[in-house]
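Below is one structure, written out as structure tokens; comments come after it.
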Amino acid sequence: MNTAEATQHYFTKAARIMNVGERIENLLSAPLREVKVQLAIELDNGEVRTFTGFRVQHDNSRGPMKGGLRYHPEVNGEEVLGLASLMTWKTAVVNVPFGGAKGGVQVDPTQMSLKELERLTRKFVDQLHDVIGPTRDIPAPDVNTNPQVMAWIMDQYSKYHGHSPAVVTGKPLELYGSRGREAATGRGLLTVCREVLRDVGRPMKGTRFAVQGFGNVGSHAARLLFADGGVIVAVSDVSGGVQNPQGLDLPALFEHVRKTGGVKGFGGGTPCGQEELLTVDCDVLVPAALGGVIDAKVAQSVRAKIVVEGANSPCLPQADEVFEKKGVLVVPDILANAGGVTVSYFEWVQNLQHVSWDEERVNAELEKVMKESYERIGSISRSRQLPLRTAAYVLAIGRVGKATVLRGI
Ligand code: NAD
């Protein structure tokens, strides 16, 4: 089962429990618009190459559509569709006035120069500027895209439509970005971890975390959990992994990554394979790299008692079943990593109002949203005896479904 099928599975499971009926079920799961574009650009060596790009706009009943843009060789239309629908449920879970979308370009950005990436990004906007926009669809960073890519999107879009900072979020601070956006997904995850640990009666201090992925989500999550008293026993990225049962020296690891570009080879621990990281002895596992990494087999070997999904769709439904049987608590992606889209919403609001919030305000508002969302989901989970993931989908489908019906079909 791929990540798109997994999202559909979770949606259907919750929709059936809610008894929304086949008609509404079909209406809510089908995407509004799927766009596939060919992006021909000139490489630095004069050669012309064509890349394939996607933007799927899933649902706009609660507001303009919102979702990241990823650059990865394995991007495909089906995956983007699954991630777009995940965004619809995520924005609804945290109750920000957005729908869901997602984009991607089939490219290995590590093989491209900065200038080539800029040309590719601008070409993507050339092909899509008619269907995105501050009141239509607002992209954001995702795997292998960053504030610089968002700055190019803003600049290129503004050439067509006039100065439009609100067309994209996750921009650099100097170009209408929001304070606190860079760390927002990790910070939201920290709040969720604090709430879960409080509920299970564990202090943060001394709780052992393993984090897969050391990019935007994983590195900020690890840094903030460490600063809050958590012990980071294992970390990995695409280069490799490192573990230390006594806890990794995070500042030294950051220094190593800054110097070498990856986690591999860090001297403060022993090497750790990708699957080994997921099954390492820890209390909380934070998969924060790519989707689909935890299937039933891996889930059997996971030793953590709590899994907090930093990435989108890291656990497949078969893994969820294993976790349910084993009594492992899974905090779903549509809550655990919703800090990013929440602060993206704050960025959009600041852009539309031409104001700039200080970081304390951003962080305080984010914490409030994450706590409220966690409480709402927890209360549905307790009252209806549902796992947190199903409870989150119940909350989201209720909100999107009501908006759809109220607007009129
Ligand atoms: P990123 O590109 O900044 O980082 C990805 C990290 O994963 C890198 O450290 C990379 O080396 C690592 N990685 C790649 N393949 C790996 C593998 N096989 N094993 C271990 N590590 C591997 O991306 P990101 O923005 O941190 O996104 C990570 C995940 O979080 C994605 O699923 C993304 O959709 C999701 N997400 C991101 C945000 C955000 O604000 N950036 C918000 C919500 C969800």
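Okay, here's what the table says:
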quantity	calculated
Filtered residues of segment 290-306 (kept if in contact with a helix residue (DSSP H, G or I) (Cβ under 7 Å, 6 or more places away or on another chain), over 13 Å from residue 213 (Cβ atoms) and small (Gly, Ala, Ser))	292, 296, 299
Cβ pairs under 7 Å, 6+ apart, first in segment 24-44 and small (Gly, Ala, Ser), second assigned to a strand (DSSP E or B)	40/48; 40/50
Residues (among the polar types (S, T, N, Q) and crowded, with 24+ Cβ neighbours inside 10 Å) located in segment 120-159	121, 145
Unique residue being among the hydrophobic types (A, V, I, L, M, F, W, C) and modelled with pLDDT under 95 when the list is 37, 48, 20, 56	20
Cross-chain or 6+ apart pairs with Cβ under 8 Å, segment 48-72 first and closer than 15 Å to residue 119 by Cβ, then of a type in the set (S, T, N, Q)	50/38; 51/38; 51/106; 53/38; 53/106; 53/127; 71/144; 71/145
Unique residue being farther than 25 Å from residue 11 by Cβ, charged (D, E, K, R) and within 16 Å of the ligand (Cβ to nearest atom) when the list is 108, 126, 130	108
Selection status of residue 162, within 13 Å of the ligand (Cβ to nearest atom) and either outside the structural domain of residue 332 (by TED's automatic domain parsing) or surrounded by 21 or more Cβ atoms within 10 Å (Cβ to Cβ) (or both)	no
Qualifying positions in segment 290-301 - open to solvent by 40 Å² or more (accessible area, probe 1.4 Å) and more than 10 Å from the ligand (Cβ to nearest atom)	295, 297, 300, 301
Test for residue 71: is it open to solvent by less than 70 Å² (accessible area, probe 1.4 Å) and over 25 Å from residue 105 (Cα atoms)	no
Checklist (1) in contact (Cβ under 8 Å) with a residue 40 or more places away in the chain; (2) outside the structural domain of residue 207 (by TED's automatic domain parsing); (3) out of contact with any Gly (no Cβ under 7 Å at 6 or more places or on another chain) applied to residue 359, failing item	(3)
Scope segment 316-351; condition closer than 29 Å to residue 164 by Cα and more than 12 Å from the ligand (Cβ to nearest atom); matching residues	345, 346, 348, 349, 350, 351
Where residue 253 falls short, out of the listed (1) over 28 Å from residue 170 (Cα atoms); (2) free of Cβ contacts under 8 Å to residues at least 40 places away in the same chain	(1)
Verdict on residue 145 being in a loop (DSSP other than H, G, I, E, B), in contact with a strand residue (DSSP E or B) (Cβ under 8 Å, 6 or more places away or on another chain) and either closer than 18 Å to residue 337 by Cα or at pLDDT 95 or above (or both)	yes
Listing of helices (runs of 4 or more DSSP H) fully contained in segment 302-409 that carry 3 or more residues being within 27 Å of residue 236 (Cβ to Cβ) and open to solvent by 20 Å² or more (accessible area, probe 1.4 Å)	317-326
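To keep it simple, each residue is scored yes or no on (1) open to solvent by 50 Å² or more (accessible area, probe 1.4 Å); (2) in a strand (DSSP E or B).
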{"position": "5", "(1), (2)": "yes, no"}
{"position": "17", "(1), (2)": "yes, no"}
{"position": "25", "(1), (2)": "no, no"}
{"position": "38", "(1), (2)": "yes, yes"}
{"position": "44", "(1), (2)": "yes, no"}
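The values are calculated or read from the model by the stated rules, or taken from the named source; none is laboratory data. Here the structure is a predicted model, which is why all the values come from computation and not from measurement. Here Cβ is always computed from backbone atoms with ideal geometry, including for glycine, and neighbour counts include all displayed protein chains. We work out accessible area using only protein heavy atoms, side chains counted, and drop any ligands, DNA or RNA first. Shrake-Rupley method; radii C 1.70, N 1.55, O 1.52, S 1.80 Å.
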